[in-house]
Amino acid sequence: MARRLRDAGETRFMSVLNAGIGGNQLTSSEMPLAGGMPPFLFGEAGSTRLAWDALTQPGATDLILHIGSNDLRVGVPGATVIEALQHVASQTRHTCRRVFGTTILPGGYPPTQVEQRSLVNTWLREQGRQWFDAIFDLATPLASSDDEAVLHPACDSGDGIHPNDEGYRRMAEAIEINALTGTPSRKA
């Protein structure tokens, strides 16, 4: 993503701040299925971290919110994830010029949660623009052609959940950089 922004930036400098934490959830700080991992590795809930991770960063103008998969993996209902996404989008409007949502990636969901992921992604695609400036579909380019709930083998790091370099490249390609505030075609 940083390379794409650099190449597209022409005379304007754009950068990426990634405040991702492995295992992090949007709705909770608890990780019930941590498999013996120390709880401090997962950090505070994304809705709590938002203030210090994103909203107080000098010069940050846009937020691309990519979170929710771990909530679904531990059994949080899709409706709860949608409500949390709406809350973050509303809260962020006071600080950021533009707020973007992303679909939740395929891979690693219990069968009962595959439907919940579909519920969230359908809401994002069909109604997300009521809350976000745009929705970037990151799920589709990473989905297996045989099963949209499973990572494509070319994008799988080997655990069925996390993308590899090719997966991250596809995610970066799915971001419509002309929608971002800093692009020459979208001056603030």
Pairs, please: C-beta under 6 Å, at least 6 apart or cross-chain, first residue open to solvent by less than 20 Å² (accessible area, probe 1.4 Å) and assigned to a helix (DSSP H, G or I) and in the range 63-82, second modelled with pLDDT under 90 and not small (Gly, Ala, Ser)? ASP71/GLN25; ASP71/LEU26; ASP71/THR27; VAL81/ASP71
Taking the condition assigned to a loop (DSSP other than H, G, I, E, B), modelled with pLDDT of 70 or more and not hydroxyl-bearing (Ser, Thr, Tyr), does GLY59 pass? yes
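Please find, among LEU85, LEU105, the residue that is at pLDDT 80 or above, within 19 Å of ILE135 (Cα to Cα), under 14 Å from the mean Cα position of the chain (by Cα) and not in a loop (DSSP other than H, G, I, E, B).
On the way: LEU105 fails: not in a loop (DSSP other than H, G, I, E, B).
Every option except LEU85 fails the conditions.
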Filter the range 133-160 down to residues that are assigned to a helix (DSSP H, G or I) and open to solvent by less than 20 Å² (accessible area, probe 1.4 Å) and give me whichever is farthest from ASN121 (Cα to Cα). CYS155
The correct count of residues that are open to solvent by 20 Å² or more (accessible area, probe 1.4 Å) and either more than 19 Å from ASN24 (Cβ to Cβ) or among the basic types (Lys, Arg) (or both) in the range 161-176 is 8
Is it true that ILE177 is within 18 Å of GLY78 (Cα to Cα) and in contact (Cβ under 8 Å) with a residue 24 or more places away in the chain? no
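The values are calculated or read from the model by the stated rules, or taken from the named source; none is laboratory data. None of the values given here were measured: they were computed from a predicted structure. Note that each Cβ is placed from the backbone with ideal geometry, even for glycine, and that neighbours are counted across all protein chains shown. Ligands, DNA and RNA are excluded from the accessible area calculation, which covers all protein heavy atoms including side chains. Shrake-Rupley method; radii C 1.70, N 1.55, O 1.52, S 1.80 Å.
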